[in-house]
Amino acid sequence: MPSNSFDLFIIGAGSGGVRAARLAAQHGRRVAVAESGALGGTCVNVGCIPKKLYSIAAHYAESFEEAHGFGWSASSPTLDWATLKRNRAVEIARLNDVYEKLLGNAGVTLIEGRAEVVAADAVEVDGVRYRAERILVATGGWPARPDVPGGELAISSNEVFDLPDFPRRLVVVGGGYIACEFASIFRGLGAAVTQLYRGVQVLRGFDDDVRAFLADEMRKKGVDLRTHAHVERIDRAGGGLRVVLRDGSELAADQVLYATGRNPNTAGLGLAEVGVTLTENGAVAVDEGYRSSVPSIFAIGDVIDRVQLTPVALAEAMVLVEQLFGDGGRKVDYGLVPTAVFTNPSIGTIGCSEAHARERHGAVRVYRSEFRPLRHTLSGSSERTLMKLVVDDASDRVVGVHMVGAEAGEIVQGFAVAMMAGATKAMFDTTVGIHPTAAEEFVTMRTPVPE
Ligand code: FAD
Ligand code: NDP
């Protein structure tokens, strides 16, 4: 086989692309991956990992404060933004190297540069043409920017990690994952944060109790969260920015972060030109097996715009490679994707919201517990925790597990296994708790919320 010819040519070395490349190479296939940016893609460079590091940084502020209740005393700590940015950058550079080694050790050919599909079996990178039996598009997404006068003065999550100066006054626009997470993070780091959401309640699609509870907790922690809020325009003013809202009110800000969704990264990829069908918002339309309308071209991850989460991109990569080069058979269960929102406090959730469960199953039982975590009996914090189980009454199966509280993602991950195994409420009830933890509440809730 000529050296420019591959069994699988992958465009994008992010979460999905790297996993697919390594697995396909393990099957003994000739694999190339082209990457125009930094290895690891969104998650490693401007997503999950730096975001979680900053979220951890943000929690220290209240930990210092809460320690007083446990007898500790110290002078008021201050944040050195430059140190946080530098240490993050060092860690991300280390991860970029790890990814390079992983690909190299697996025997994957890494091609640096922007790739374009030029035929159903050919890709071009910087003028060099590669032949590929199959092409996998794993190019991820890019922040969407609504067209608002002065919108170019705002930043997106791509820029937020490396702001030269710490934004003392931050306006966040949006009510999804990124907006809520960064409102919490910058509030924790010490900024005055105003979050503007256009709808009734943030985190549309999540359980309604979870949404309302989180919004209350965020407000308690000092985020000025405003609903039904619409940005009219953004101007430069007094060395900073002025955000003018539709109701005529104005906000002064050092930075405005737009977190209003992400669009699939397909512009200029040459896909439509070779006959690949794209959806209205530019996502690659794929069938159950991630195959596009051109039989030799596949797509996974954010670019197919199903569930924009790293573990989902990884799962899709595994299923696709098994299907192409292994024994196939596995599928991604999109109905049971656990997820966490790294707000303060955080959300962990899997399965149906109460509203969705009622639609799907009819009669449901709901178990709900709200309490002050043990830590906060001494810490002086008024933070509370919410736990909720939604049970299909007919089968007794637990169809929704929801939590707002510290380490919610860590806790719900384990319950996700139980859900995959089809656990019933009776099984939850017979499970012995671990005491004293917050998680034990999930196996001790006995009385359903009255209808
Ligand atoms: P990506 O990881 O985006 O990779 C696509 C790659 O393709 C990029 O490296 C890009 O440079 C490259 N590329 C694009 N076009 C070309 C081209 N023409 N030629 C060559 N290369 C190209 N998910 C979670 O599960 N948990 C989280 O906590 C979480 N936090 C997030 C926080 C933020 C701020 C953001 C933005 C996202 C977060 N996500 C999180 C989502 C997660 O990052 C994505 O779902 C995941 O990265 C998608 O992986 P992917 O492989 O589809 O695309
Ligand atoms: P989301 O889709 O989660 O949220 C977008 C938000 O922006 C919604 O509140 C939406 O409002 C609002 N919005 C959309 N268009 C406009 C507009 N024109 N004007 C004002 N508001 C608007 O997207 P994100 O950007 O927050 O994140 C993208 C994806 O990345 C997430 O969906 C998630 O899959 C992934 N992610 C995962 C994380 C995690 O796992 N912890 C963390 C960060 C991102 P409305 O509800 O009214 O439509």
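The values are calculated or read from the model by the stated rules, or taken from the named source; none is laboratory data. Computed from a prediction, not measured in an experiment: that's the story for all the values here. Glycine also receives a Cβ, built like all others from the backbone with ideal geometry; neighbour counts cover every protein chain displayed. Just so you know, the surface numbers come from the protein's heavy atoms only, side chains and all, with ligands and any DNA or RNA stripped out. Shrake-Rupley method; radii C 1.70, N 1.55, O 1.52, S 1.80 Å.
Output the residues belonging to region 27-62 that are loosely packed, with under 14 Cβ neighbours inside 10 Å and more than 16 Å from ligand 2 (Cβ to nearest atom).
Scanning region 27-62 gives Gly28, Tyr60.
Within region 111-132, track down each residue that is within 21 Å of Gly275 (Cβ to Cβ) and of a type in the set (A, V, I, L, M, F, W, C).
Hits for region 111-132 are Ala115, Val117, Val118, Ala119, Ala120, Ala122, Val123, Val125, Ala132.
Among the residues of region 191-211, what is the count of those that are open to solvent by 40 Å² or more (accessible area, probe 1.4 Å) and not in a loop (DSSP other than H, G, I, E, B)?
Number satisfying all stated conditions: 3.
Please determine, by comparing only the residues of region 166-176 that are surrounded by 21 or more Cβ atoms within 10 Å (Cβ to Cβ) and either over 22 Å from Leu245 (Cα atoms) or of a type in the set (Val, Ile, Thr) (or both), which one is farthest from ligand 1 (Cβ to nearest atom).
Going through the qualifying residues, I end up with Val171.
Residues in region 137-184 that are more than 18 Å from the chain's Cα centre (by Cα) and near ligand 2 (Cβ under 7 Å from one of its atoms): how many?
Residues flagged as more than 18 Å from the chain's Cα centre (by Cα) and near ligand 2 (Cβ under 7 Å from one of its atoms) within region 137-184 amount to 1.
Read through the list (1) away from ligand 1 (no atom under 16 Å from the Cβ); (2) part of a loop (DSSP other than H, G, I, E, B); (3) surrounded by 22 or more Cβ atoms within 10 Å (Cβ to Cβ), then give the number of the only condition that Met387 fails.
It is condition (2) that Met387 fails.
Among the numbered criteria (1) in contact with a helix residue (DSSP H, G or I) (Cβ under 6 Å, 6 or more places away or on another chain); (2) part of a loop (DSSP other than H, G, I, E, B), which single criterion is violated by Gly188?
All conditions are met except number (2).
Kindly indicate whether any position in region 435-451 is charged (D, E, K, R), in a loop (DSSP other than H, G, I, E, B) and modelled with pLDDT under 95.
yes
Considering each of Leu84, Leu110 in turn, give the residue that is under 15 Å from Ala13 (Cα atoms) and in contact (Cβ under 8 Å) with a residue 24 or more places away in the chain.
Leu110
For the structure I just gave you, tell me whether Val364 is buried (at least 18 other Cβ atoms within 10 Å of the Cβ), over 28 Å from the mean Cα position of the chain (by Cα) and in contact (Cβ under 8 Å) with a residue 24 or more places away in the chain.
For Val364, the condition - buried (at least 18 other Cβ atoms within 10 Å of the Cβ), over 28 Å from the mean Cα position of the chain (by Cα) and in contact (Cβ under 8 Å) with a residue 24 or more places away in the chain - is met.
Can you tell which of Leu163, Leu136 is of a type in the set (A, V, I, L, M, F, W, C), at pLDDT 95 or above and buried (at least 18 other Cβ atoms within 10 Å of the Cβ)?
The unique qualifying residue is Leu136.
Go through Gly222, Gly239 for me and flag whichever is over 17 Å from Lys51 (Cα atoms) and open to solvent by 40 Å² or more (accessible area, probe 1.4 Å).
The match here is Gly239.
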